[in-house]
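The values are calculated or read from the model by the stated rules, or taken from the named source; none is laboratory data. Just so we're clear, the structure is a prediction, and the values are computed from it rather than from any experiment. No Cβ is skipped: glycine too gets one built from the backbone with ideal geometry, and neighbour counts run over all protein chains shown.
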Amino acid sequence: MKRFFILIILSAIFSLLNAAEKGTAPEAEKMVKDAFTFIEKNGRETAFREFTTNRNIFHQKDLFIFIVDFKGVILAQGGNPALLGKNMLDSKDPDGRLFIREMIELASQKNTGWIDYKWENPATGKIEKKSSFVMKYKNEDFLIGCGIYP
């Protein structure tokens, strides 16, 4: 019986620690806005490299920046650099949503907003709901994004 309670307590502690490492919607929005400013100050090349390769202010908790051009090509990807240069325009989530197309449509028409889709959570290895905040960069043909697992 004692072991059972210890396991429950350890499980609760682990869950709380894991939850503390999840980014929030306001943190994701702030990170995208900070990335926007960083691009303005440092230029595309430096910023995209920074978003992809360095563990810094653009990699907090489980949050990271991604950049997608309006043709669907990944220009920066802090969570999975192997996606750099890949065209993801026709990528579908498990429900068949063309989520990259939806991000591009939202950013090009409304400049900013949230998109919901399903994606594998690297922390759990399971397909989960993901919400990404995206923002068009000025009059350029790319968007800045950051996603959360709510």
Legend entry - Residue pairs meeting the criteria (Cβ under 9 Å; at least 6 apart or on separate chains; first closer than 16 Å to Pro26 by Cβ, in the stretch 135-150; second assigned to a loop (DSSP other than H, G, I, E, B) and of a type in the set (Gly, Ala, Ser)): Cys146/Gly23; Cys146/Gly78; Gly147/Gly23; Gly147/Gly79; Ile148/Gly23; Tyr149/Gly23; Tyr149/Ala123
Legend entry - Those residues of the stretch 23-55 which are among the aliphatic types (A, V, I, L, M), touching a helix residue (DSSP H, G or I) at 6+ places or on another chain (Cβ under 7 Å) and either touching a residue at least 60 places away in the same chain (Cβ under 8 Å) or under 20 Å from Ile115 (Cβ atoms) (or both), in sequence order: Ala35, Ile39
Inset, instruction - Return yes when Ile115 is among the hydrophobic types (A, V, I, L, M, F, W, C) and touching a Pro at 6+ places or on another chain (Cβ under 7 Å) and no when it is not. - result: no
Legend entry - Failed criterion for Ile74 (all others in (1) more than 17 Å from the chain's Cα centre (by Cα); (2) in a strand (DSSP E or B) hold): (1)
Inset, instruction - For the stretch 138-150, enumerate the residues that are surrounded by 13 or more Cβ atoms within 10 Å (Cβ to Cβ) and in contact with a helix residue (DSSP H, G or I) (Cβ under 8 Å, 6 or more places away or on another chain). - result: Leu143, Ile144, Gly145, Cys146, Gly147, Ile148
Inset, instruction - Considering every residue within the stretch 123-137, establish whether at least one is assigned to a helix (DSSP H, G or I) and either modelled with pLDDT of 95 or more or surrounded by fewer than 17 Cβ atoms within 10 Å (Cβ to Cβ) (or both). - result: no
Legend entry - Enumeration of residues in the stretch 56-115 that are exposed (fewer than 15 other Cβ atoms within 10 Å of the Cβ) and of a type in the set (Val, Ile, Thr): Ile57
Inset, instruction - Determine which member of the set Gly79, Gly85, Gly96, Gly113 is of a type outside the set (A, V, I, L, M, F, W, C), under 16 Å from the mean Cα position of the chain (by Cα) and modelled with pLDDT of 95 or more. - result: Gly113
Legend entry - All positions within the stretch 77-117 that are of a type in the set (D, E, K, R), out of contact with any Ser or Thr (no Cβ under 7 Å at 6 or more places or on another chain) and assigned to a strand (DSSP E or B): none
